[in-house]
Every structure is written in structure tokens, then in C-alpha cells.
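A quick write-up on the structure given underneath.
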Amino acid sequence: MVDHTRYSFAGNNGIYKEDSFSSIPSWKETLIIFCKNKGAVIGLFFVLILVILAIWGPTMNEYTYDYMQVDRQNLPPRIPGLEKLGIFDGTMNGVNMYEVKGCTEEYYWFGTDTLGRDLFTRFCQGTRISLIVAVVSAFLDLIIGVTYGLISGYYGGKVDFVMQRIIEIINGIPSLVVVSLLVVIMKPGLASIIVAMAISGWIGMSRLVRANTLRLKESEHIMASMTLGTKTAVILFREIFPNLLSSVIVMAMMSVPGAIFMESFLSFVGLGIPAPQASLGSLISDGYNHMLMYPYQLAIPAVFFGILMISLNLVGDGLRDALDPKQKQA
Amino acid sequence: MVKYCLKRIGMAAVTILMIIIILFFLLQLMPGSPFNNERLSEEQRLVLEEKYGLDKSMPEQILIYVKNMLTGDFGVSYNIQQNYPVASLLANRFPITIRIGIQAFVIGVVLGLILGIVSALHHNGALDTGTTIFAMVGSSIPSHVVALALLFFLAFKLGWFPLTYDSGSPFRSSILPTLALAISPMAMTARFTRNEMIEVMGSEYILLAQTKGMKRLHVIIVHGLKNTLVPLITTMGPMLMALLTGSTVCEQIFSIPGIGSLFIKAIQSNDYNIVITLAFIFSAMYIGIILVIDILYGIIDPRIRLSGGKK
């Protein structure tokens, strides 16, 4: 037995202090972590510029992306202001092509292509299409992958077994093959490219969701809901899904550059957006055909394409570190 | 171990079988058919259908198709070289693609490993920052953009390398495509190795090895590198996949007579037999590689074997 006379109550003087922390909303905390990552902020800056160009770029000058002017073919870039510095002054091999073609009052900022179309407008239009393809297919990936993963993980057992075997088979086919075959069958076009990429792209998402669902369904609040007889759909989308949201957002963000790459690959193969529409991939592919004669037609879209890919990856990495630090990079 | 291997092999076999069946149905869906020519009379059409076994029932056709694919009878080319068997068309092109692919993969992984280790050892130094930036840029920029840049500057402007593939000097012509393709595996390996190595070098058994007075190089290679390599194996699947997609476009850019450029040409000229065959070969290669990686991983890491699959 403890001899109580030997001990006295110490009280609360100075030993125990209540620390109170000011509560920062979690989105704000995420924002702070994200902003500390220099690369991610720079990436976001470039992405925003390209998004702005994609939205308003085509209306920034008087040309349209599909208007062909035969006597204005292959004009080099010429930008007002910069031309005085000796760059982007419309000269090619020392000759001012604008004077040769008799259109000194015109300014094609990124030059014109072999059909006399304004490359700046086409570039903005192409960025727009590429971004639409990427964002829509990432969104479709998200819907299919999340639903599939939730069901597979939640039901478990035989359902899970069959669903996982199906995934293993689909995953055995390289996405290069799936996407190009599907586009061949459906005829090249915006919709078929998006559908083809959605069909091949959701596997990773569903694996992530399934693994997390398996873990979450054992937790107390889900058990409680089950016991109370909550409908399965409600449990899946209202109780499990919100817990996965941050990893799902990161994963979707990470899949955007992949989709842009796949689109540019398809354009190169000749399965891309049909003319006269443009995408970043088709601009690079067109530029490649004339790269020896008119290098600017390739260089401009290729450089911006590279910048866009790097920026998107930087933003994705930054988001991952801010939202979902546990998810390690593969 | 044997059970694990058999299970993996069985799974791969089923996958290949399923892929052949899927490809069979895709072939039916392909737009246009050699038999819907209006000039063909009903009789001629029937004769043709009998010749190609199209009068048989669907399951029979599938069986024949699976048998043909597995025995290497891929049919004939429609457009690229009319009536020439696809298998012989591939025979000449296959080795070129494989050679360039292996060159790029080996160079990429080896250089990536070296870069990764060096930058992990100089953690937070200038070299580390440089490697991190390189890894970021290298794994973001698609190989065809790299290929175009190399082609323009090194081949066209400086004239160091031939502009198109020259079968007379296969080594010199393969340098640029190899470089273009090696960038992405190199960047991915460097990034992965660096992160993994930093973690391993910070662990207690490395500290123990160092306190026992082992030589630095010995600690790095025997204790550090060995434990870094194990997880690296899992990244090789996606890496090879990226290489496959990249090589298709790079072959087109450098006009290399490999199977990648043939794939593009076949798609553009609607030569479906070649498209389907190459789709099958790409899938089979990919499945084979994944199988090897899975088994390797099972040998190295017993935990994977017991849980019956990765993840």
C-alpha cells in the first residue's frame, strides 16, 4: 500500500500549462506549404499564363486559327517593340520576309505556317485543345477509377478478386496500344482521343482508391455507419470518399501531364486532332515536317510544350507535398 | 517460390490469351474491310471468305486466330508490302528496335544510378540541386521533344550525326536516338536512387557500419546501394513502358527502320494486320518484362512472395 502521508498533492502551480494554438484552417495550411515550394509556385505561374493564353489568346489579334492566307506563307515571327532589339524582327537569313511579301504593317507574333495561318492564334488554340483533352480525361479517370476502386475495396472477397483480375489484364496491355487502337476504331477526333485515354488511364487511380478503402473500411466511423444501416452508396461517397479526396486530387493532377504527352504522341502518329484544329502535339508534328526550312515553326510550340510539361509536374509535386505527404513519388 | 512463380506465369499466360481475343474483336471493329469491295460478286466474296476461314463460327475463328498468333503466323500485309507475310516484315526490323531500346535503357539506368548516388552523398550541395533539376526536367520533357532538339542542333546545325538512319553505319546513326531515349530512364532512375539512397544512408545500420570503421566506399556500395536497388526494380516496368512509347516516335523522327516506325506507318495506311500484330508483340513484350520483374522481386524480397503479389 502507498503511504499517503508521504505524498502531497502538487497542485497546478506552474507545472501544467494549457497551450492553445491558433487554429489554421487546413486549406490555408496546405496553401502555406505549397507556397513554400519555390518550384511549385514558378510552375503554377507558367501554368496560369498558358491557361490565360489558352482562354483569351485566340481573341488577342485579328487572325483566326483556320484562316489561310496563301500570300503570307512561312513568315517568321515579328513582335512589335522587340523587333527594334534585332530579335523577332521578321528577318530570315538576313532578309526581312515581311518586306519581301509586301506586308510590312502586319505583325505575326509567332509567324505563319506553310498555309499562311497565324501561328500565335494556332498556338493558343492548340494549348486550349491540349488542356481540354488533359483535364477532361483526367476527370473521367477520376470518376471511373474512384468508383471502381471504392466498389472493389469495399465489397472485398469474390467481387474484389474478379475486379482485380480484370485490372491485371487491362494493365497488361500497354497504354500505347490501347489508345492508338481505340482511336483507330473510333476515328480521330477530340471525343475519341478523350475516351481512349480515359479507358486506359484509370487503373492507377482505382488501385490507389482501393488500397485506401481497404484500410478505411476497418475504421470505427465506417463500422458505426454500417451498423446503423446506412446505404452503401452513402457510405462509399459520403464517408469514405472525402477521406481520400486529397490523394485523389494529387493523383488526378499527376495524370494531367501524362495525358498531354499521350495526345502529342497521337498527333505524331497521325491519330491526333484532325485539321484545321490544332493541338500542341499537332503543332509540333507540323513543325517537325518543316523544321529544316523554318525552325521557328517547331521551336515555339516545342519550347512551350516543354515548359507546360515541366510546370505541370512541378505543380503536381508541390500539391502532393502539401496535400498528401505520405504518398511517395514513384 | 515455385508456387509464386507458377502463379505469376499462369496469370501472364491468361493475360496474353485475353489480349489476343480482345485484339480479334478489335480487328472486327476496324473500319473498312478487304471484302466489302463493290466490284466483288457474291460468289467471289464467298470464295474469299472460305479461303480466310470467315465462314466458320465465331468461336472456331477465335481458336484459329489464337493458334495463328501463338505460332507466329500473323497473316499478310495489306498495303505496306502487299501480300508479304507480316512475320518476315518484322524479322528485319525487330533487332534494330531492340538494340536501340537496350542501349538506351542500360545507359540511362547506369548513368542515372551514378548521378543518384553522387547527389545523395552530396545531399543539399550544388551537385544535388543540379541533379534534382535535371531529373525534374528530364522526366517531364517527352523523349520526342528531346529527339527533335538533338536532331536539329547536333545533326542539322553541327552535322555531327546523320540526319536519317544510315544502315551503312548503324552505330553512328543510333547514337542520337539512344541519347534521346536514355534521358527519361536516366532522370527517373536518378531521382528515385537519390531519394532512396538518402533514406538508406540515414538509417542506423549504415551508422553502425561506419562506426565499425568500414571503408566509406564499402559502406556505400555493399550496404547502401544494395538496399537501394531493390525498390528500384519496381520502377523499371513504367520506365520500359515509357521507353516503348518513346521509341515509336523517336524511330519516326530519326527514320529508323524499326518496329515502332512500322507501327506508325501501318496505322497511317490502315494496314490492320500489321497494327494488330504489333499491338500483340508490344503487349507480349510488356507482359514478359512485368513477369520477369515480378519474379525477380519475389526472389529478392520474400515478403512479396508470401503476400502473393505486389502492393
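Contact annotation: residue pairs with Cβ atoms under 6 Å, 6 or more positions apart or on different chains, pairing a residue in region B:105-119 that is more than 14 Å from residue B:184 (Cβ to Cβ) with a partner that is surrounded by fewer than 17 Cβ atoms within 10 Å (Cβ to Cβ), are B:119/B:127.
Residue-level analysis places residue A:260 among those that are within 22 Å of the chain's Cα centre (by Cα) and not aromatic (Phe, Trp, Tyr).
Quick check on region A:270-291. Is at least one of its residues more than 11 Å from every other protein chain (Cβ to nearest Cβ), of a type in the set (A, V, I, L, M, F, W, C) and surrounded by fewer than 18 Cβ atoms within 10 Å (Cβ to Cβ)? Yes. The criterion of at least 3 residues that are surrounded by 14 or more Cβ atoms within 10 Å (Cβ to Cβ) and touching a Gly at 6+ places or on another chain (Cβ under 8 Å) is met by the following helices (runs of 4 or more DSSP H) wholly inside region B:135-238: B:143-150, B:170-201. When you check residue A:169 against the structure, is it within 27 Å of residue B:273 (Cβ to Cβ), assigned by TED's automatic domain parsing to the domain that holds residue A:146, more than 24 Å from the chain's Cα centre (by Cα) and surrounded by fewer than 17 Cβ atoms within 10 Å (Cβ to Cβ), yes or no? Taking the combined requirement at face value, the residue does not satisfy it. For region A:292-313, the tally of residues that are within 7 Å of chain B (Cβ to nearest Cβ) and either assigned to a helix (DSSP H, G or I) or within 24 Å of the chain's Cα centre (by Cα) (or both) stands at 8. If you go through region A:177-209 and keep only what is in contact (Cβ under 8 Å) with a residue 12 or more places away in the chain, under 19 Å from residue B:12 (Cβ atoms) and within 11 Å of chain B (Cβ to nearest Cβ), you end up with A:178, A:207.
Scanning region B:141-181 for residues that are within 12 Å of chain A (Cβ to nearest Cβ) and touching a residue at least 60 places away in the same chain (Cβ under 8 Å) gives B:142, B:143, B:144, B:147, B:148, B:151, B:164.
Go through the residues of region A:281-289 one by one and say whether even a single one is under 23 Å from residue B:138 (Cα atoms), within 21 Å of the chain's Cα centre (by Cα) and of a type in the set (A, V, I, L, M). Yes, region A:281-289 contains at least one residue that is under 23 Å from residue B:138 (Cα atoms), within 21 Å of the chain's Cα centre (by Cα) and of a type in the set (A, V, I, L, M). Of the residues making up region A:185-200, not a single one is under 23 Å from residue A:232 (Cβ atoms), among the hydrophobic types (A, V, I, L, M, F, W, C) and in the same structural domain as residue A:131 (by TED's automatic domain parsing).
Residue A:263 fulfils the conditions (1) away from every other protein chain (no Cβ under 12 Å); (2) part of a helix (DSSP H, G or I) except for a single criterion, (1). The single residue among B:111, B:148, B:115, B:181 that is under 24 Å from the mean Cα position of the chain (by Cα), of a type in the set (A, V, I, L, M, F, W, C) and farther than 22 Å from residue B:237 by Cβ turns out to be B:148. Residues in region B:301-311 that are surrounded by 14 or more Cβ atoms within 10 Å (Cβ to Cβ) and away from chain A (no Cβ under 13 Å) were compared, and the one that is modelled with the highest pLDDT is B:301. Inside region A:299-313, residues that are hydrophobic (A, V, I, L, M, F, W, C) and surrounded by 24 or more Cβ atoms within 10 Å (Cβ to Cβ) make up a count of 4.
In region A:134-176, what residues are out of contact with any Lys or Arg (no Cβ under 9 Å at 6 or more places or on another chain), within 14 Å of chain B (Cβ to nearest Cβ) and among the small types (Gly, Ala, Ser)? Hits for region A:134-176 are A:134, A:172, A:175.
The values are calculated or read from the model by the stated rules, or taken from the named source; none is laboratory data. Note that the coordinates shown come from a computational prediction; the quantities given were computed from them, not determined experimentally. Cβ coordinates were reconstructed from backbone atoms using ideal geometry, including for glycine residues, and neighbour counts include every protein chain displayed.
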